[in-house]
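The values are calculated or read from the model by the stated rules, or taken from the named source; none is laboratory data. Just so it is clear, the model here is predicted, and its values are computed rather than measured. Don't worry about glycine lacking a Cβ; one is built from the backbone with ideal geometry, like all the others, and counts go over all protein chains shown.
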Number of protein chains: 2
Amino acid sequence: MKNTHVLYQHGTLALLVPGLLTGTLTLKELMAHGDTGIGTGEGLDGEVVIVDGKPYQFDSFGKANLLKDDFTLPFANSHFADYQKIGSLNDADPAAFEAASLEGKPNCNTFFSILVRGTFSYMKTRAVVKSTKPFDTLATTAKKQSIFEAHDVKGTLLSYYSPMLFHGAAVGGFHNHFVADDLSIGGHILDFRVKQGTLEKQVFDTLEQHFPVNNAEFMDHDFDKDEDIASVIANAE
Amino acid sequence: MKNTHVLYQHGTLALLVPGLLTGTLTLKELMAHGDTGIGTGEGLDGEVVIVDGKPYQFDSFGKANLLKDDFTLPFANSHFADYQKIGSLNDADPAAFEAASLEGKPNCNTFFSILVRGTFSYMKTRAVVKSTKPFDTLATTAKKQSIFEAHDVKGTLLSYYSPMLFHGAAVGGFHNHFVADDLSIGGHILDFRVKQGTLEKQVFDTLEQHFPVNNAEFMDHDFDKDEDIASVIANAE
């Protein structure tokens with residue numbers, strides 16, 4: 001049975017920091033838990049965005065690749081879409097998007113997802129260059145990222161909101177990926193402006209957090225010695 | 001199907017801090033996710049320990065009460081038991097218990113549970129006095145706790161280990177409850193010494209974190225303004 005109140009996550013944000021980038025889940029396994037989601041490939045191989053059951057990876061060359069079942073991911077999440085329209089956005093920057101998504105509250109204490117389908121007057125994304133073993137740390141890898149920009153592009157912004165209590169396990173606050181209708185641009189969003197779009201929301205009551213317990217590097221890692229997650233993530237964006 | 005790799009948790013440790021102590025899950029719902037578990041009742045009503053499918057609450061009077069299906073809990077976890085024996089303990093203090101449970105590693109990056117069945121040369125537990133609405137904060141409530149001690153008591157220590165990354169959502173590190181075979185003592189363990197016992201372990205690959213999304217007080221609470229969890233919990237123990 002498809003439970004639309006559950007957000008499934010494999011791996012943690014924290015494991016990216018020291019470079020535990022082995023793909024420990026297949027795309028097929030990820031999509032057994034949802035038709036909608038985001039993630040990254042082994043070695044931070046691009047930015048994955050799954051909308052309407054179509055899994056695309058935007059790589060560091062700006063190319064959109066339709067992913068196969070055996071593509072592996074170190075960190076990803078998915079859920080079965082059941083969004084409700086809560087409003088429209090017109091000429092909205094990220095702050096306006098976040099305020100509308102939170103429906104007037106300063107924050108939220110459970111996980112939720114947002115879809116914005118429409119036209120974006122501005123879109124700025126990034127995709128990291130894939131690294132190979134031995135993997136670099138996130139701070140080093142993030143320096144090798146490609147930046148993409150587009151104007152007046154139609155597409156879908158897929159966002160996940162995580163309560164700050166879970167920052168480090170997930171990405172605290174909003175985490176936004178994009179896919180253009182014509183696949184001309186996509187990936188992890190750095191900045192955007194919505195020209196006109198619909199705002200849809202889906203609230204979860206459960207986080208199903210799955211760990212790569214069969215990966216010895218993950219299980220044996222001492223996370224206490226890693227750099228502070230907040231500073232690494234802030235510098236990477 | 002009973003998935004023995006999943007640890008189910010309802011609520012978060014963080015919601016206890018400001019006193020969001022409304023019972024938002026019934027015991028029946030909790031036990032739909034496991035025959036083994038720990039928790040507390042509405043208003044921090046005693047200490048719940050479920051072993052072999054038998055749900056007992058140790059109240060602040062030291063009495064063991066077999067719980068009914070409609071008992072409600074603000075914070076609890078459960079799982080279906082499938083422990084494997086990993087060793088024995090003889091004259092073991094908490095440090096020796098933790099070292100043996102971690103099997104020589106400094107910490108663990110996934111959740112697991114431990115059972116010690118045997119004779120305890122010393123056992124010290126606490127149970128908090130139930131508060132009523134409007135609920136006090138955890139710091140205030142924890143001052144009104146009863147302490148119990150026993151020597152040479154047979155029983156079961158039920159422990160859950162949470163990776164420190166999840167501290168605040170769960171109780172980082174070990175969280176131990178006890179139930180004596182003759183129900184003479186039980187509750188949240190403050191100190192103990194194992195005389196002789198078996199050490200059983202069950203490792204989870206998934207945390208199923210459930211939030212009380214239908215509780216407006218929880219959903220509307222601003223956790224940013226709360227006291228630091230670490231200091232409150234340290235002072236409460």
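For B:PHE192, the test of being surrounded by 20 or more Cβ atoms within 10 Å (Cβ to Cβ), among the hydrophobic types (A, V, I, L, M, F, W, C), in a loop (DSSP other than H, G, I, E, B) and away from every other protein chain (no Cβ under 14 Å) is failed. Quick one: would you say B:ASP45 is in contact (Cβ under 8 Å) with a residue 40 or more places away in the chain, touching a strand residue (DSSP E or B) at 6+ places or on another chain (Cβ under 8 Å) and among the acidic types (Asp, Glu)? Considered against the rule, which asks whether it is in contact (Cβ under 8 Å) with a residue 40 or more places away in the chain, touching a strand residue (DSSP E or B) at 6+ places or on another chain (Cβ under 8 Å) and among the acidic types (Asp, Glu), B:ASP45 comes out as yes.
Per-residue answers, yes or no, for (1) without any contact (Cβ under 8 Å) to a residue 40 or more places away in the chain; (2) of a type in the set (D, E, K, R):
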{"residue": "B:SER101", "(1), (2)": "no, no"}
{"residue": "B:ASN107", "(1), (2)": "no, no"}
{"residue": "B:PHE112", "(1), (2)": "no, no"}
{"residue": "B:ARG117", "(1), (2)": "no, yes"}
{"residue": "B:THR125", "(1), (2)": "no, no"}
{"residue": "B:SER131", "(1), (2)": "no, no"}
{"residue": "B:PHE148", "(1), (2)": "no, no"}
{"residue": "B:VAL153", "(1), (2)": "yes, no"}
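Let me confirm something: among B:THR206, B:THR198, which residue is among the polar types (S, T, N, Q) and either more than 22 Å from B:LEU89 (Cβ to Cβ) or at pLDDT below 95 (or both)? Result of the check over B:THR206, B:THR198: B:THR206. Every condition in (1) touching a helix residue (DSSP H, G or I) at 6+ places or on another chain (Cβ under 8 Å); (2) farther than 30 Å from A:PHE218 by Cβ; (3) among the basic types (Lys, Arg) is met by A:LYS68 except one, and the failing one is (2).
Where strands (runs of 3 or more DSSP E) sit wholly within region B:55-122, those with at least 3 residues that are more than 26 Å from B:LEU165 (Cα to Cα) and modelled with pLDDT of 95 or more occupy B:64-66, B:84-92. Looking only at region A:199-228, residues that are within 7 Å of chain B (Cβ to nearest Cβ), under 20 Å from B:GLY172 (Cα atoms) and touching a residue at least 60 places away in the same chain (Cβ under 8 Å) come to 9 in all.
Check whether at least one residue in region A:134-156 is in a loop (DSSP other than H, G, I, E, B) and basic (Lys, Arg), and report yes or no. Yes, some residue in region A:134-156 is in a loop (DSSP other than H, G, I, E, B) and basic (Lys, Arg).
Scanning region A:80-109 for residues that are within 14 Å of chain B (Cβ to nearest Cβ) and surrounded by 21 or more Cβ atoms within 10 Å (Cβ to Cβ) yields a single hit, A:ASN109.
Residues are listed down the side, and each one gets a yes or a no for (1) over 16 Å from the mean Cα position of the chain (by Cα); (2) more than 14 Å from every other protein chain (Cβ to nearest Cβ); (3) not charged (D, E, K, R):
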| residue | (1), (2), (3) |
| --- | --- |
| B:VAL128 | no, yes, yes |
| B:SER131 | yes, yes, yes |
| B:THR137 | yes, yes, yes |
| B:THR140 | yes, yes, yes |
| B:GLN145 | no, yes, yes |
| B:GLU149 | yes, yes, no |
| B:TYR161 | no, no, yes |
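Within region B:49-79, no residue satisfies the criterion of being touching a residue at least 40 places away in the same chain (Cβ under 8 Å), at positive phi and exposed (fewer than 12 other Cβ atoms within 10 Å of the Cβ). Just the residues that are in a helix (DSSP H, G or I), surrounded by fewer than 23 Cβ atoms within 10 Å (Cβ to Cβ) and away from every other protein chain (no Cβ under 13 Å), please, taken from region A:1-34. Listed by number, the residues that qualify are A:LYS28, A:MET31.
Checking each residue in region A:66-77 for being within 14 Å of another protein chain (Cβ to nearest Cβ) and touching a Ser or Thr at 6+ places or on another chain (Cβ under 8 Å) picks out A:PRO74, A:PHE75.
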